[in-house]
Every structure is written in structure tokens, then in C-alpha cells.
Amino acid sequence: MDCKRFNQYSALKKFLSIVCLMAVMSCTWVKDDNDDCPYGFWLQLHYSYNILDVEAAPKYVTDAYVYVYDADGKYVKRIYADKNALMSSNYRVRVEGLTEGDYQFVVWSGLGSSQYAVSGDGQTMGDFRLSLAVYGTQCSENLSALYHGSLSLTHYDDSYAVHDVELMKNTNQLSCLVVPETSGITLDPADFNMSIVSANGIMNVYNQLVADSATTYLPFEKTAITVNDGKKGTLSGIRFNISTLRLTSDTDCLIKLERVSTGATLFDKISLSEQLGKVGTLYTNLDRPLTVPEYLDRQDFYTIVFILSDDLQMLMDINVTSWRVRAENHLKIN
């Protein structure tokens, strides 16, 4: 190869090397919405902390309210993303417009429902409170789904980053069935009232329950039902559908059943969290034992069957989500 051709080859090689280098570095130079190169600071929302242990954010999470706080817990800004925005970004929320530094992020989904109220919005993390809009009274609504997640102190700058935020559901539905012990007895829905009482009506920014006066949850639906029992035949009873906020093992949650015609309280000291927790320790679908707190946080729907004596004076058994729990001492009415 003569010198002239060699010099041309060397120049072409250098040119191609520069082009390749520019292609690699172009992601840091160009950051417009039409660029295929990744850019920006993103929060990736997940909802896999459920009883099936599967990713369910695209199916259930409808929006996102992202609260941004600085390292000292002072409010910086709030970002909102609706369902369409979440779907178009693969359930990521972009955070932008912050000065470089360390921040804390709190994510709520479902916060915009008129069933919920927020205080301390725009203040410090310690001031934030979320409660039922009917706080301190009775709630007989089917609560819309509410989720919470957070990202602890994280550094923010202009470089591309995706941070995972795991959401946890804070609302529950309970289908409470009341049936007699044997067939041939019919229960009139108008003759029975059920309620759940718990001091779980307020949560702070960390998703912890804040001590407050008790909230009474009433059925949003009450209907007559028939239950086909393989041994006892067809049982006629009542279904009470009740919706509550977060259930925890360290907060009392008492369920009460009253009979209108006699004025009697059939039971009012049954701890719902305790009864559900007994089932949680037996749950094996995740191939490992669950603690009671984890079971209550992962599960969001429960079926509970209360079996009464034929004279409707005594609770005989409790069947929780297909597991039978013997009522202690056959709880008698007063």
C-alpha cells in the first residue's frame, strides 16, 4: 500500500472512530421528547405486594400523586399523573425541575377520591395526614382503592435514573356471612345489624395509623343469601359487605352483630385482625410462612362466615376465607 492510500485509510479510520464516539455520547447531548435515548429521573411504580405476589399496577393503579420533600422533610412540590400518563410511560412518573440534591418521595394512588381528606398538604412530612372524609363518624361507603408507596432519601441530578417504588393497598373489602347452624331457619336482613369499629381512620405520610377516635364501618350492602353446605344442606342467611381502611395487627378492630327485634348484642368483642391473622399464619401460597402483619397488608378481600346456634343466641363457629376458626367458649350474648 502506497503512502497516499495509507494516509487516506488512516484518516477514514479516525473519522469513523469519532462518529462512533459521537453516537455513544449523543444520549448525554440531546434530551428531547422524540429521542430514543433514556433520560431523566423516574419513579417506577409497582404493585406486587399483594396476596398473589404478582405485578398488578397496570390493572389496579389508576393515578399517582407524588409528594416531593427535601432531606429535612420540608415540602417541595407535588406531581400528578393520571391513568393515561401512567400507561404511556409504562407506569413511570418523571420528576423534573428540582435542583441537584437529596430528596424523599411519597406516592399515593386514589388520593383524589371525595371519600378521602388530606391535611398538612404543602407542609412538612410530619404535618401530613390522610383520613376518611367522614372522619370521626360512621362510614357506610364502598371505599375506592387507596395505595401508598415511598422512596427514602435519594440523590437527584440530571443523569438518567429509574427508582422502584412498591405500592401497598390500604383498603379492604369484607364479605361477612351470618347463617344458622342448621337448615330450615331463615334470617331476616332487617332484623340484624353488623358493624366494625377501629381507630384506623387516619394515616401519616409513612402510612402508619395515627391514634384517633374510633371509626364505625357499616355495610355498604346487606342482602339475604343461601349457602350450600355439603353436610348441613342449604342455609339461609345474610351477607354484610363492609369496606375499611388499613387493618393492622396492633390496632383493635372489633366486629359487632346486633339483633333488632330483641335488642340483643350477639357479639361485640371479636377482634377482626386476630381472626384474620390466624388464617395468615396458615397461608402457604408464597411458599413461605407469612407473618400476621404481612398477610393483612397483602390481602385485601376476606370472606368470613359467622355460624349461629339455631336459637340465634350463640356464636358457634367462625369460618375465615375457607379456614375454620373455633369461636372461643361459644361466645354467648349478654
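Rolling a 1.4 angstrom probe over the stretch 245-318 with all protein chains present gives an accessible area of which 51% lies on carbon and sulfur atoms. If only the Cβ of Lys and Arg carry +1 and only the Cβ of Asp and Glu carry -1, the dipole of the stretch 237-326 around its Cα centre is close to 100 debye. Once both labels are positioned 7 Å from their Cα atoms along Cα-to-Cβ, the gap between residue 220 and residue 134 label points is 1.0 nm. Placing a label point 7 Å from the Cα of residue 206 along the Cα-to-Cβ direction, the residues of the stretch 95-128 with a backbone N closer than 16 Å are 104-107, 124-128.
For the peptides 176-182, 250-256, the ranking by mean Cβ contacts within 10 Å, running from highest to lowest, is 176-182, 250-256.
For the set 317, 188, solvent exposure ranked by accessible area (probe 1.4 Å, protein chains only) runs largest to smallest as 188, 317.
Net charge dipole, the stretch 183-334: roughly 260 debye, given to the nearest 20, about the Cα centre with Cβ charges of +1 for Lys and Arg and -1 for Asp and Glu.
The values are calculated or read from the model by the stated rules, or taken from the named source; none is laboratory data. What you see is a predicted model; the values in this text were computed from it and never measured. Positions of Cβ are generated from backbone atoms using ideal geometry, with glycine treated the same way; all protein chains shown enter the neighbour counts. Remember, those area values only see protein heavy atoms, side chains included, never the ligands or the DNA or RNA. Shrake-Rupley method; radii C 1.70, N 1.55, O 1.52, S 1.80 Å.
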